[in-house]
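Okay, here's the structure, questions in a sec.
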Amino acid sequence: MVQRSNPANVFSTYEMREELRRVVQSKLFSSSPKKIRFLEFIAEQTFQGNGEKLNEYLIGSEVYGRGPEFDQQKDPIVRVQAHEIRRLLKRYYEEEPNSGVLRMELPTGAYVPVFTRFEPENRVEPAIEAQSTASFSTEAAPVRGRLNYALIALCIFLAVVCVALSIQLVRAGNPATGPAQAQHTAVLPENLDWFWHPFLPPSAPPLIVIPNHPLLRAAHGGDSEQTIAKGHEIAKGSLPEFRDTIHFHELKRFVFVPSTTDFTSVGETIGLVEMCQMFFRAGEPCQVRQSRLLDFQQIKNNNVILLGGNQSWSGRVFVDTEGFRFQDGVITNHNPQPGEKALYKPEFDPVTNALTRDYALVLMLPNEKKENRILLIYGIYTQGSQAAIEFLTSPEKMSRLRTALPGISADRKTIPPYFQVLFTTTVENAMPGETSIVAVRAVQP
């Protein structure tokens, strides 16, 4: 079936990452780690708005480990590989025409990937499409543009109406805002509901707890004299990594002060947005708390989701000593099964020292009240936390976990109510990439 591109569409980062995942997992790329790294690197740079910085020298240094002496004229490795990747991408979409609705392309002479939507050429189009090529004059283009804008406006209007109706339906089912007889029903896709239903109505809404990690932050002119007096000065010249930041240019001195209140890990924050959007779609409020403002009694008395690890009460809820344990920046495995390791540690690029692989531990555990749960989502680094949350809120990915868990239950058929999951994720340019399940464990209450 012939396909036609429609580059006017704007896609979410999730859609583009999913298309990237399909490409690199295909038989044409899966056995070529360097080509995969090439694609993942240029894609992540583009997702972050750094596409204009992509060039032969950067790719040669970051992907192929070329040093400062790298001469693109004498060493054509990047151009050769880019040509080969373009050929494989073309072949992939020829052999897998129904692989997805997006297409990933690498235009000749450029290193910024382009994502387009492809549609069947024989699809029924508006009346303007029915015209012959001869009658499709230059005046037709503005008409098509106006039709597209009108269609977009109509979609936005319908989306607003749907949101308004959803809010009214939620209010109608909420005793605080509607009739007392109304029932508040949460609706999630089946591949999410099996995991999240303990936290959805009629159950009590969960407390989502973000960590307050101790850290040293840069002092600034708004700090008090007492705060700065407690700081630790580091010479600017010894921190070349900061040279491209606004702090390096604005601050006369680099004085770092201790804090447990000013910082929330980036990955947990991004993941929190995904999680709250999911709860909102199910008509559930999103109650977020800082770990330093809660005590253990509040944790015991509620449905709770703990993000980020190393919170003040973390050690009190690791009840399954026979499974995985997150402590001191590593994940230990006290009872390794075939194919598993006794210790899981992050991995780093030997040249750049950049994080290349992270791990995350997820535990679904009973709370003091049997109807309540404690869900822990702990990445070793913040990228692991983000990857785990994004996995747990994706219906497509959660189908894998739903398939894996019955194998560890007593009857080999049902999903155990309490369990551990060890995830791993690739990391490129400090962003999580492909996430997979390493192991699962049933937890005895």
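The values are calculated or read from the model by the stated rules, or taken from the named source; none is laboratory data. Since the structure is predicted, the reported quantities are computational estimates derived from the model, not experimental observations. So basically every Cβ, Gly included, is an ideal-geometry build from the backbone, and we count neighbours across all protein chains shown. Side chains are part of the model used for accessible areas, which takes the heavy atoms of the whole protein and leaves out ligands, DNA and RNA. Shrake-Rupley method; radii C 1.70, N 1.55, O 1.52, S 1.80 Å.
State, to one decimal in nm, how far the label point of T245 lies from the label point of V101, with both points 7 Å from Cα in the Cβ direction.
4.0 nm
Here is a follow-up. Using R₀ = 30 Å, calculate the FRET efficiency as 1/(1 + (r/R₀)^6) where r is the Cβ-Cβ separation of T108 and K27; round to 0.05. Mind dumping the intermediate values first?
Details: r = 24 Å, r/R0 = 0.81.
It comes to 0.80.
Rounded to a whole number, what % of the accessible area of region 333-381 do carbon and sulfur atoms account for, probe 1.4 Å?
50 percent
Next question, about the same structure. Percent of Cα-Cα pairs per 10 Å bin, from 0 to the last occupied bin, for region 4-123, please list those.
That works out to 12, 45, 31, 9, 1, 0, in percent per bin.
When you count, for each residue, the other Cβ atoms within 10 Å and take the mean per peptide, how do 438-445, 298-305 rank with the highest first?
Output ranking for 438-445, 298-305: 298-305, 438-445.
By per-residue mean of other Cβ atoms within 10 Å, what is the highest-first order of 90-100, 104-114?
Ranked from most to least packed, the peptides come out as 104-114, 90-100.
Right, something else. Mind ranking 194-207, 416-429, 217-230 by how tightly packed they are, going by the mean number of other C-beta atoms within 10 angstrom, highest first?
On the way: 194-207: 17.9, 416-429: 20.5, 217-230: 12.5.
Sorting 194-207, 416-429, 217-230 by mean packing, highest first, produces 416-429, 194-207, 217-230.
For a Förster distance of 30 Å, can you work out the FRET efficiency between the beta-carbons of K300 and T269, rounded to the nearest 0.05?
0.70
Taking 0.36 nm per residue of sequence separation and subtracting the Cα-Cα distance, how much length would be gained by fully extending the chain between L216 and T260, in nm to one decimal?
Value of the extension gain: 15.0 nm.
At 0.36 nm per residue, minus the direct Cα-Cα distance, what do L343 and N429 gain on full extension? Give it in nm, one decimal, please.
Taking L343 through N429 to full extension adds about 28.5 nm, to one decimal.
Estimate the FRET efficiency between E69 and V187 by the formula 1/(1 + (r/R0)^6), using the beta-carbon distance for r and 51 Å for R0, to the nearest 0.05.
Values: r = 59 Å, r/R0 = 1.16.
Calculated value: 0.30.
Let me ask something else about it. Note the full-extension length gain between A204 and D411 as 0.36 nm times their separation in residues minus their Cα-Cα distance, in nm to one decimal.
71.6 nm
Would you tally the net charge around T261, using a Cβ to Cβ cut-off of less than 12 Å, leaving T261 out, and scoring K and R as +1, D and E as -1?
Values: positive: R217, R292; negative: D262.
After counting each charged neighbour, the total is +1.
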